[in-house]
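Novice: Input: one structure, supplied below.
Just so it is clear, none of the values below were taken in a lab; they were calculated from the coordinates. This structure is a prediction, so every number in the text was calculated from the model and none was measured. Note that we place each Cβ from the backbone using ideal geometry, even for glycine, and neighbour counts take in every protein chain shown.
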């Protein structure tokens, strides 16, 4: 399969190279947003949110597999909250560092080779926004937001605070804010960082419920512009350059996807979905027209024309889509990969919305995929609610390996009650590693070189279902027996 | 998941976005229509069927979100947990359930008898079955033919599970099938032991307990009528909806009688509702009311309020007009105590058909311990 896929891939890429050179409207899109190994500018490695950044560094020793557990303190958790933010990785000075925010109000800097903690920064609230790493005036800065309504810029080398920006003044009644993952971009020659946040205050005297996009100067934290656009929690923004202008795409729980102008923050278009939106939009540059892909809790993945927000195609999954879609280029074609609460991982053709493959897990697929090129193959890592982390072949959807990080830390989980973090992949000194902060309260680092759990053949689900049916029938009979015994005739 | 047609008419609806909430508006309209038509005494059952038809169309073509019997209970929990945090969604989740319960406080379980499409479909199946029978019973007798048919249908159901589920992976909606299994087991006992039917009705409370328990534990439990109620297209939901519908061949409205948790909640409101069904003591126990009751809630003038679905068929069928649908709450006990005393001392018997006097009689005779209703 891999051989034939490779042949097909090369043939198709040769064919489509010509077409792409002429027709691709997104050509050169990444120029203003391209990042070096010293940067991790956004939630998924690129402001396009396409999750297909292959991070490679050749420094350091050989990495080993590790597990990082910050503390045994787990009582701060309340059902419905997340556990970790998604991680980010980058080169700080000569050192590679993995950054991850946590429910215990800390931001951790971890050595990705050994899993040792390098430093931590304690905030006053849970840190669920993925830290963004950027090099500003020769200094590596780390940007993230905390639920205590403060946005931070830290020196990535030692965790010292460079500046902080308070989005809402503190008062007794103000609630925890919801800060999305920041995105770092270059606008008119200077580096700016974009935050989307939701703040609320349920008091009668000073009611507040607002969702705003905020652009700050990376160097000093000065506000460039601020634009309210909704009243419900936003997703992480996705930034792309269309027709020479930076556009910001962001969804919110109110079911809308907003397109803001990068220079001014002005609302360009708005699109309403049929259900609320939890996942972040992704941008597919190499299709015509360029698409913004949005998954909703109506179970729909909608492809919108990035220029005007009109719907190009729509795909209906069996359940909610909380997983942010990833976009991957294979054989000259763009594919969209995402998971759904119907337990499946889907790969669709970005141009038409046709299904390329479907992979079924045994739990709700809440996590966003990460796509990377390893050993001349495009691979994809995605976590599922069946407590497994799957490694799939992105071309065929075949399962290659699966990892079992651990079980849910607290007794139960409700479908879609939270946004759990997604894995990332990085090549350290030629060896591919997957870093997965998991809901068992630990950050796991898996090596792709080590074969994990051997795949067992699945028993027929029909038989499993018949067993469940038999158990239900027996249970009902028992209850009937009890009722007949104790009820008056 | 695929292969089924999406029949929902309005593409952007039912959400409080863009300042519209079509779902709640539709529910409000159908409830107002129900309250209006339930007050009409002439051809009331005809109007009930009209409303049932309208709400069936509404559920099929307009309503998309989960307002199934389980969804309504789950949404209350989810919505209540969001108050103060995400008011928009809290309103969205709580709206329909609170509306149904509020109407329940006014006129009892009218949702069950007049609106619920699951009930309508079951009623339809049961009516079609009775067309072919000379002796029109709601529960088939324990003869060999009905039992053989039930056994055959059960085997078909098991085969459908094995065949339909072997070629696919699990879906969260699969738990719906297990409710259908329970229903089949209960159904067979209802046919074999018709006298113990009352005990089987306890399952509705157990069912409610299980739903609440599962919500608190965060387990995905899905309604077997998912397929009809909201925009879910999968085999398990289709199969369980079919079982719920076809079970009415053996026992009319079997799902409503034995398992519906939301029906249980609604019918509990019958005891405290403003408008209630009452029976006067002039009742001759002719049994006509029992013949028309789909859910077996009334027998010879004795109403089981906890099973009643407020379809008002008994009120319309009573030849002596002894069963009445009255505004109960407007008579407070304290206000009518002097009048009750007056009634007790009055040598003349007032008109027994006057609901005011029925209440007065209850007030007066209830004090001496005599059973009136």
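Novice: Quick one: A:172, A:439, B:325, fewest Cβ neighbours within 10 Å first, how do they rank?
Specialist: Working: A:172 6, A:439 25, B:325 21.
Fewest to most other Cβ atoms nearby, the residues stand as A:172, B:325, A:439.
Novice: Report the Stokes-Einstein translational diffusion coefficient (µm² s⁻¹, integer) for region B:17-117, Rh taken as the Kirkwood radius over Cα pairs, at 20 °C with viscosity 1.002 mPa s.
Specialist: Values: Rh = 14.3 Å.
Using the Kirkwood radius from Cα pairs, D works out to 150 µm²/s.
Novice: Another question, then. What is the packing order of peptides B:112-118, B:284-290, taking the mean over residues of other C-beta atoms within 10 Å and listing the highest first? The partial results should precede the final answer.
Specialist: Working: B:112-118: 26.3, B:284-290: 15.9.
Going from most to least packed, we get B:112-118, B:284-290.
Novice: Continuing with the same structure: What FRET efficiency comes out for residue B:91 versus residue A:417 if R0 is 22 angstrom and r is the Cβ-Cβ distance? Round to the nearest 0.05. Write out the running numbers ahead of the final one.
Specialist: On the way: r = 19 Å, r/R0 = 0.84.
After rounding, the FRET efficiency stands at 0.75.
Novice: Same structure, new question: With a cut-off of 13 Å, note down the residues of region B:255-276 whose backbone N falls inside the zone around a label point 7 Å from the Cα of residue B:205 toward its beta carbon.
Specialist: It comes to B:264-265, B:268, nothing else.
Novice: Normalised by the number of residues in chain A, what is the relative contact order in percent for Cα pairs under 8 Å and 6+ residues apart? Could the numbers behind the result be given before it?
Specialist: Values: 1330 pairs, mean separation 66.8, N = 489.
Taking the mean separation of contacting Cα pairs over the length of chain A, I get 14 percent.
Novice: Turning to a different aspect of this structure: Can you give the FRET efficiency for residue B:36 and residue A:407, using 1/(1 + (r/R0)^6), R0 = 51 Å, r = Cβ-Cβ distance, to the nearest 0.05?
Specialist: E(calc), rounded to 0.05, equals 0.40.
Novice: Label-point separation (nm) for residue B:99 and residue A:65, each offset 7 Å from Cα along Cα-to-Cβ?
Specialist: Reported label-point gap for residue B:99 and residue A:65 is 5.4 nm.
Novice: Okay, next question. Using only the Cα atoms of chain A, what semi-axes does the equivalent ellipsoid have when each is the square root of 5 times a gyration tensor eigenvalue? Give whole Å, largest first.
Specialist: Its equivalent ellipsoid spans semi-axes of 34, 29, 25 Å.
Novice: Still on this structure: What list do you get for A:200, A:444 if you sort them by fewest beta carbons within 10 Å?
Specialist: If I rank by nearby Cβ atoms, fewest first, I get A:444, A:200.
Novice: Hey, fewest Cβ within 10 Å first, where do B:324, A:485, A:53 land in order? Kindly include the intermediate steps, with their values, before the conclusion.
Specialist: On the way: B:324 16, A:485 8, A:53 20.
Ranked by crowding around the Cβ, least crowded first: A:485, B:324, A:53.
Novice: Same structure, new question: Would you work out the relative contact order for region A:83-149, in percent, from Cα pairs under 8 angstrom that are 6 or more residues apart?
Specialist: Values: 155 pairs, mean separation 19.2, N = 67.
For region A:83-149, the relative contact order is 29 percent.
Novice: Under 1.5 on a/c is rounded, so check that first for region A:174-305, then, if it is not, pick prolate when a/b is larger than b/c and oblate when it is not; a ≥ b ≥ c are the square roots of the alpha carbon gyration tensor eigenvalues. Mind showing how you got there, number by number?
Specialist: On the way: a/c = 2.21, a/b = 1.10, b/c = 2.00.
Because a/c hits 1.5 or more and a/b fails to exceed b/c, region A:174-305 counts as oblate.
Novice: Oh, and also: Say R0 is 35 Å: what FRET efficiency, to the nearest 0.05, do residue B:43 and residue B:156 get from their beta-carbon distance? Please list the in-between numbers first.
Specialist: Working: r = 40 Å, r/R0 = 1.13.
After rounding, the FRET efficiency stands at 0.30.
Novice: Would you calculate a helix-derived [θ] at 222 nm for chain A, using -39,500 (n - 2.57) for each DSSP H run of n ≥ 4 and dividing by the full residue count, to the nearest 500? Please report the intermediate quantities before stating the final value.
Specialist: On the way: 2 runs with 48 residues, N = 489.
For chain A, the value works out to -3500 deg cm²/dmol.
Novice: Could you give me D for region B:128-268, from Stokes-Einstein at 25 °C and 0.890 mPa s, where the hydrodynamic radius is the Kirkwood radius over C-alpha pairs? Units µm² s⁻¹, please.
Specialist: On the way: Rh = 15.9 Å.
Reported coefficient: 154 µm²/s.
Novice: Want the number for residue A:160 to residue A:316: 0.36 nm per residue separation, take away the alpha-carbon distance, what's left?
Specialist: Taking 0.36 nm per residue and subtracting the Cα distance, the gain is 51.5 nm.
Novice: Let me have the relative contact order for region A:200-320, percent, based on Cα pairs under 8 Å that are six or more residues apart. Write down the numbers at each step before the final one.
Specialist: Working: 285 pairs, mean separation 18.2, N = 121.
Over region A:200-320, the number comes to 15 percent.
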